[in-house]
Amino acid sequence: NAGVMQNPRHLVRRRGQEARLRCSPMKGHSHVYWYRQLPEEGLKFMVYLQKENIIDESGMPKERFSAEFPKEGPSILRIQQVVRGDSAAYFCASSGGLNTEAFFGQGTRLTVV
Amino acid sequence: KQEVTQIPAALSVPEGENLVLNCSFTDSAIYNLQWFRQDPGKGLTSLLLIQSSQREQTSGRLNASLDKSSGRSTLYIAASQPGDSATYLCAPAGGTSYGKLTFGQGTILTVHP
């Protein structure tokens with residue numbers, strides 16, 4: 001049973017470009033969470049999704065960031081018009097339900113140049 | 001809003017010592033609490049999950065306790081080894097934060113031979 005898969009592992013984008021980060025949850029998991037870890041800071045919640053629904057996006061920046069978890073395929077975190085301050089490690093986690101263990105992927109390290 | 005504090009921020013010990021890592025959280029209405037370890041440049045590895053109804057959970061040399069009413073959890077590491085060196089993160093889930101995990105800043109543990 002493969003774990004949570006994130007790709008790419010490393011992503012370099014120039015300022016103004018778009019970044020797309022993908023997350024395939026563990027088999028059987030329908031709850032996906034995205035977290036961001038800025039340099040020298042802790043992990044911060046961004047968004048919580050279930051299949052085709054955004055449950056909680058209270059941690060998402062108001063502009064340029066969006067997330068989806070379609071019926072088929074991975075969850076996508078999309079950052080439009082990236083700026084240097086978006087450089088961070090983005091982690092995805094999945095779980096089978098609200099009260100169950102969350103498993104994390106290896107993260108995508110985004111560098112904006 | 002859930003806030004998590006971990007003490008100490010850093011810990012350096014010789015191999016073989018028994019360790020105590022502390023975590024406190026402000027919102028006691030949680031579903032569960034997870035302890036993770038994070039190695040430099042890597043993702044998070046789940047160590048233990050304690051349900052809100054449990055008092056403790058054990059896995060190998062690790063034991064985690066939970067006092068939900070006082071908002072505290074403690075991770076005990078027995079007979080520490082150099083391979084235990086990592087950042088340890090405490091993350092309560094749920095309560096007013098719904099299903100998401102809220103992370104502390106972590107305890108950076110170094111075990112030297």
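The values are calculated or read from the model by the stated rules, or taken from the named source; none is laboratory data. What you see is a predicted model, and the numbers here were worked out from it, not measured in a lab. Glycine gets a Cβ as well: all are built from the backbone with ideal geometry, and neighbour counts include every protein chain shown. In case anyone asks, the SASA skips ligands and DNA or RNA and just uses the protein heavy atoms, side chains included. Shrake-Rupley method; radii C 1.70, N 1.55, O 1.52, S 1.80 Å.
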Next item on the list: Kindly indicate the residue of the range A:72-82 that is out of contact with any Lys or Arg (no Cβ under 6 Å at 6 or more places or on another chain) and assigned to a loop (DSSP other than H, G, I, E, B) and also farthest from the other protein chains (Cβ to nearest Cβ) among those meeting that condition.
Entry: A:GLU72
Note to self: Which numbered condition in (1) touching a Gly at 6+ places or on another chain (Cβ under 7 Å); (2) open to solvent by 80 Å² or more (accessible area, probe 1.4 Å); (3) in contact (Cβ under 8 Å) with a residue 40 or more places away in the chain is the only one that A:VAL12 fails?
What the structure shows: (1)
Notebook entry, point to check: Taking the range B:20-43 only, how many residues are farther than 13 Å from A:ASN99 by Cα and either at pLDDT 95 or above or touching a Ser or Thr at 6+ places or on another chain (Cβ under 9 Å) (or both)?
Noted result: 15
Next item on the list: Of the conditions (1) open to solvent by 30 Å² or more (accessible area, probe 1.4 Å); (2) among the polar types (S, T, N, Q); (3) modelled with pLDDT of 95 or more, A:SER75 clears all except one; give me its number.
Entry: (1)
Note to self: Going residue by residue through the range B:32-51, is there one that turns out to be over 24 Å from A:LEU49 (Cβ atoms) and of a type in the set (Ser, Thr, Tyr)?
What the structure shows: no
Next item on the list: Can you tell me which residue within the range A:31-47, out of those that are of a type outside the set (D, E, K, R) and over 17 Å from A:LEU77 (Cβ atoms), is farthest from the other protein chains (Cβ to nearest Cβ)?
Entry: A:PRO39
Next item on the list: Of all residues in the range A:1-46, count the ones that are under 20 Å from B:GLU3 (Cβ atoms) and either among the charged types (D, E, K, R) or not in a loop (DSSP other than H, G, I, E, B) (or both).
Entry: 10
Notebook entry, point to check: Of the numbered conditions (1) at the interface with chain A (Cβ under 10 Å from one of its Cβ atoms); (2) in a loop (DSSP other than H, G, I, E, B), B:ALA91 satisfies every one except a single condition; which is it?
Noted result: (2)
Check: Mind checking which residues of the range A:91-113 are of a type outside the set (S, T, N, Q), within 11 Å of another protein chain (Cβ to nearest Cβ) and within 20 Å of A:GLN50 (Cα to Cα)?
Finding: A:PHE91, A:CYS92, A:ALA93, A:GLY97, A:LEU98, A:GLU101, A:ALA102, A:PHE103, A:PHE104, A:GLY105, A:GLY107
Check: Is it the case that the range B:6-15 has a residue that's within 11 Å of the chain's Cα centre (by Cα), modelled with pLDDT of 95 or more and within 11 Å of another protein chain (Cβ to nearest Cβ)?
Finding: yes
Checklist line | Options A:GLN106, A:GLN81; residue that is on the phi > 0 side of the Ramachandran plot and open to solvent by 70 Å² or more (accessible area, probe 1.4 Å) | finding: A:GLN81
Notebook entry, point to check: Hey, among the residues in the range B:23-43 that are open to solvent by 10 Å² or more (accessible area, probe 1.4 Å) and not in a loop (DSSP other than H, G, I, E, B), which one's nearest to the other protein chains (Cβ to nearest Cβ)?
Noted result: B:GLN38
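Yes/no matrix, rows are residues, columns are (1) within 14 Å of chain A (Cβ to nearest Cβ); (2) within 26 Å of B:SER12 (Cβ to Cβ); (3) open to solvent by 30 Å² or more (accessible area, probe 1.4 Å):
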{"site": "B:THR45", "(1), (2), (3)": "yes, yes, yes"}
{"site": "B:ARG55", "(1), (2), (3)": "no, no, yes"}
{"site": "B:ASN63", "(1), (2), (3)": "no, yes, yes"}
{"site": "B:ALA78", "(1), (2), (3)": "no, yes, yes"}
{"site": "B:THR87", "(1), (2), (3)": "yes, yes, yes"}
